[in-house]
Amino acid sequence: MTATLTERGTHRAQRDSVARLHGELTRNGLVTWTSGNVSERVPGEDLFVIKGSGVPYDGLSWEGITVCDLDGGVVDGVRRPSSDTDAHAYVYRHMPEVHGQVHTHSPYATAWAARAEEIPCVLTAMADEFGGAIPVGPFALIGDDSIGRGVVATLRGSRSPAVLMRNHGVFTVGASARDAVKAAVMTEDVARTVHLSRQLGEPLPISPGHVDALYARYQNVYGQ
Ligand SMILES: O=C(CO)[C@@H](O)[C@H](O)COP(=O)(O)O
């Protein structure tokens, strides 16, 4: 893709906010070097902002975030957009309720993805955040909308905001980029805990009725 790179500085505040959110990925140990990315839909426009490809996290600023249309075309920016731009664009086109996306290679969750094994819902925190197991999506090559097709096929009709893409890593969605970042943080947290539990025995499942009750409380009552 030949990027038409201009520096018009549009959507600078949102690009700055998304740039700062990338710091949560490094702070929580979810990415290595330049792996991973965050995107967010531009409110009221058929656009989204996404990390520039291979841009270092250290010192990431609004200029490292590129504005794209929903076909993945570059609208504004001085950095070629992420390798996963077409994947994010596909999700935005097919899941209108999604306004933020995150991709990581967080170690414990990616180890589950390498085995193509879903993370079973054996923790109340999983019922709260994921409404059940964290599902596995298909193997997909990088650089076109294949990953996006796998994310949509797996998450459509699921309560989970996270999918473990086989042999690759974590993709999360949310009502905002911050919600998607939270889902990525929680995915790694529960992936590690369930892994540890399985070293000592077989974790016990939570009944579907209890999962539903926990999910409803957390999504509708928890917090301020
Ligand atoms: O997973 C991969 C490559 O395997 C990519 O998604 C990287 O994780 C991030 O690439 P950029 O967003 O920097 O292009």
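The values are calculated or read from the model by the stated rules, or taken from the named source; none is laboratory data. Keep in mind that what you see is a predicted model, and the values were worked out from it rather than measured. Every residue, glycine as well, gets a Cβ built from its backbone with ideal geometry; the counts of neighbours run over all protein chains shown. Accessible surface areas use protein heavy atoms only, side chains included; no ligands, DNA or RNA. Shrake-Rupley method; radii C 1.70, N 1.55, O 1.52, S 1.80 Å.
Overview of values
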read-out	value
Per-region count, region 181-224, residues open to solvent by 70 Å² or more (accessible area, probe 1.4 Å), in contact (Cβ under 8 Å) with a residue 40 or more places away in the chain and of a type in the set (A, V, I, L, M)	1
Strands (runs of 3 or more DSSP E) completely within region 74-191 that count 2 or more residues being more than 16 Å from the ligand (Cβ to nearest atom) and touching a Pro at 6+ places or on another chain (Cβ under 7 Å)	none
Any chance residue 28 is surrounded by 24 or more Cβ atoms within 10 Å (Cβ to Cβ) and touching an Asp or Glu at 6+ places or on another chain (Cβ under 8 Å)	no
Residue within region 117-139 that is under 22 Å from residue 21 (Cα atoms), touching an Asp or Glu at 6+ places or on another chain (Cβ under 9 Å) and of a type in the set (Gly, Ala, Ser) present	no
Some residue of region 9-24 being at pLDDT below 95, surrounded by fewer than 21 Cβ atoms within 10 Å (Cβ to Cβ), more than 15 Å from the ligand (Cβ to nearest atom) and not acidic (Asp, Glu)	yes
Within region 55-70, tally of residues that are in contact with a Lys or Arg (Cβ under 8 Å, 6 or more places away or on another chain) and either within 13 Å of the ligand (Cβ to nearest atom) or assigned to a loop (DSSP other than H, G, I, E, B) (or both)	6
Extreme residue, farthest from the chain's Cα centre (by Cα), among residues of region 164-180 that are open to solvent by 20 Å² or more (accessible area, probe 1.4 Å) and of a type in the set (S, T, N, Q)	167
Residues located in region 109-118, provided they are of a type in the set (A, V, I, L, M) and open to solvent by 10 Å² or more (accessible area, probe 1.4 Å)	111, 114, 116
Filter pass, residue 6 being surrounded by fewer than 22 Cβ atoms within 10 Å (Cβ to Cβ), within 13 Å of the ligand (Cβ to nearest atom) and either modelled with pLDDT under 95 or under 23 Å from residue 148 (Cα atoms) (or both)	no
Tally of residues being out of contact with any His (no Cβ under 9 Å at 6 or more places or on another chain) and of a type in the set (Gly, Ala, Ser) across region 57-76	3
Region 31-47 - residue that is assigned to a loop (DSSP other than H, G, I, E, B) and open to solvent by less than 10 Å² (accessible area, probe 1.4 Å) and, of those, farthest from the ligand (Cβ to nearest atom)	42
Options 106, 83: the member that is among the hydroxyl-bearing types (Ser, Thr, Tyr) and open to solvent by 50 Å² or more (accessible area, probe 1.4 Å)	83
Residues located in region 86-103, provided they are surrounded by fewer than 20 Cβ atoms within 10 Å (Cβ to Cβ) and without any contact (Cβ under 8 Å) to a residue 60 or more places away in the chain	93, 96
